[in-house]
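Have a look at the structure below, then the notes.
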Amino acid sequence: MQPLPPPAAQPGTPPMDPVVAVLDRALRSLAAPGGDLVGHANRIGAMLWSPPRIVVVGRLKAGKSTLVNALIGAPVAETAALEATNVVTVYHDGAPSRAEVVGHDGTRRAVPIDLRSGAPVEISPVDTAYVDRYLPSAAIRDLTLIDTPGLATLTVANADTTRRALIDGFAQTKDASVDADAAVFLFDSTPRADEVAFLRELGFTPLNTLGVLSRADGFGEGAFGTRDPIEHAHEHARRLADQLAGQVLTVLPVAGLLSESARTGRVTEADARALAALSGIEGWDLYRVLSADDPAPMTAPQRDRILDLLGEYGAVNGRAAAAQGAHALAGWLDHVSGLPVLQSVLHNNIGAFAAVHRARRILAELDTLASSHPDRDHIRAVTQQARTDPAMNPVLLLQALRSMLATDPHSPVTAELTRTLQARTDAERVGLPPGAGWDQVRGATADRIAWVQRQAITTRSAAEDAALTALTVAYNLQRLRLGG
Ligand SMILES: Nc1nc2c(ncn2[C@@H]2O[C@H](COP(=O)(O)OP(=O)(O)O)[C@@H](O)[C@H]2O)c(=O)[nH]1
Ligand SMILES: [Mg+2]
């Protein structure tokens, strides 16, 4: 039997997240009596220690698989103008490159991989809960990515596939569930209400849902319009972020195709040369080259390849970078694609929050174990101690937020919970800018405590009551931390 992983407090590693630390301690105590409890602690520990799992959802052809390829840096997810993805696929870092099909009953079966496309062959969507795809890639070492078929589209069956793998799977057969910690939600103009509802149904909150305005390179009037489409997409994304404030963490414009071409090494020196040859051709003449049967000074196959790799936007605006060679062109493509920003939000905001989301699942596992194991008193004591540890306050806040979103999403208490959970600093937690002084933060913390007390007089529901209790603990902990 494998021992538990060592505590993360090794020299040079960042300090352990407080929630992770509490759960880690709980699992070590769980294993202490030995016997089969060691195995249980390891099994549950795997939920705690595996990288955050991020599911990519959105309508058919929104650009999900393209984005997954760009993030992985390899063309592993099939992309096409037609529907290419019809099963949920979980991408993990691992060697050798292989695929396992997981059935609805949790059984696993290795399947061969098509060496040319990298896709698993012979998969029957009907019998498949999801596919575990392993490939050696540093890009997914700290982040597991999950590609899904389109949702709420003409292919209702695909929305069902996603729903089954993400919700029913979790409720019915733990092994057949992909247990996502966060969602990247792609849409190309404004998300539809039914799509947002679908995400709620999947159990995601505004804290772990990142909106992506996809295909930003074709936004608005496109490459030949009067405005730069990517700039236009940035402006629209900011507006959407305000509009969807209660639904998503933020909205980022992304042109996945540009980054996919750059990061998967598809852009060659020959492409850069062909594109640079269009320097100096402007307006209608440029439009003709990119659309006419005879695209001189390019050949038709050259032009088609450029459009496949870079789209019209990349072809029109990438010419200056192309003149500096393929490396400069790839760097420019990646930069304008918005992918580096997306990646940093995934790692810093969404990834860091995964432990809080997992805590609920881990505590539920411990409860289940307690109900069936002869050593139930020990397991209950361990679970109780973890639950009541002050460091677990974010877990209570999140639980409260979920209930409030379900019962009273527009209550000021819901907004208060969201801000408190999102905050990275004491200042932010009480609504102050990051540079606020100690005195100010202390004063604002006292104000928040007074506000919560006032709200408590007129509590409207059990959910609000629980939320106010969790907020009181959060602000009192902060007051203690600030001292004075
Ligand atoms: N111009 C442009 N095309 C894109 C972008 N992302 C995806 N596409 C294209 O849109 C089509 C569908 O993309 P795909 O990733 O398979 O969508 P999915 O169904 O959501 O997985 C493909 O032909 C892609 O090349 C983008 O950012 N810009
Ligand atoms: Mg796809």
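The values are calculated or read from the model by the stated rules, or taken from the named source; none is laboratory data. The model shown is predicted, which means the values in this text are computed figures rather than measured ones. Cβ: placed from backbone, ideal geometry, glycine included. Neighbour counts: every protein chain shown. Ligands, DNA and RNA are excluded from the accessible area calculation, which covers all protein heavy atoms including side chains. Shrake-Rupley method; radii C 1.70, N 1.55, O 1.52, S 1.80 Å.
Can you order the peptides 95-101, 461-467 by their average number of other Cβ atoms within 10 Å per residue, highest first?
Listed from highest to lowest mean packing, they are 461-467, 95-101.
Could you tell me which GluC sites (Glu not before Pro) in region 200-296 are loop residues by DSSP with no more than 16 other beta carbons within 10 angstrom of their beta carbon?
221, 282
State whether region 391-484 is rounded, prolate or oblate according to the following rule on the C-alpha gyration tensor (a ≥ b ≥ c being the square roots of its eigenvalues): a/c under 1.5 gives rounded; otherwise a/b larger than b/c gives prolate, and the remaining case gives oblate.
It comes out prolate by the Cα gyration axes.
Might you report the magnitude of the Cβ-based charge dipole of the chain about its Cα centre, with Lys and Arg at +1 and Asp and Glu at -1, to the nearest 20 debye?
For this selection, approximately 1180 debye.
Expressed as an acute angle from 0 to 90° and rounded to the nearest 10, what is the orientation of the C-alpha long axis of helix 438-457 relative to the principal long axis of the chain?
70
Which angle between 0 and 90 degrees, to the nearest 10, do you get for helix 300-317 versus the longest principal axis of the chain when only C-alpha atoms count?
Result, in degrees: 50.
Expressed as a whole percentage, what fraction of the accessible surface of region 391-484 belongs to carbon and sulfur atoms when a 1.4 Å probe is rolled over the protein heavy atoms?
Carbon and sulfur together cover 56 percent of it.
Based on Cα positions only, what radius of gyration and what Dmax would you give for the chain, in angstroms?
Every Cα atom of the chain included, Rg and Dmax give 24.9, 80 Å.
With axes computed from alpha carbons, what is the tilt in degrees of helix 412-422 against the longest principal axis of the chain, rounded to the nearest 10 within 0 to 90?
Relative to the chain, helix 412-422 is tipped by roughly 70 degrees.
How big is the accessible area of residue 459 in square angstrom, nearest 10, if you roll a 1.4 angstrom probe over the protein chains?
Surface open to solvent at residue 459 totals about 50 Å².
When the helices in the chain are scored as -39500 (n - 2.57) per DSSP H run of 4 or longer and the sum is shared across all residues, what 222 nm value do you end up with, to the nearest 500 deg cm²/dmol?
-15500 deg cm²/dmol
Classify region 261-337 as rounded, prolate or oblate from the Cα gyration tensor: take a ≥ b ≥ c as the square roots of its eigenvalues, call it rounded if a/c is under 1.5, otherwise prolate when a/b beats b/c and oblate if not.
prolate
Taking a 1.4 Å probe, which of 442, 380 shows the most accessible area, and what order do the others take after it?
Largest accessible area first, the list is 380, 442.
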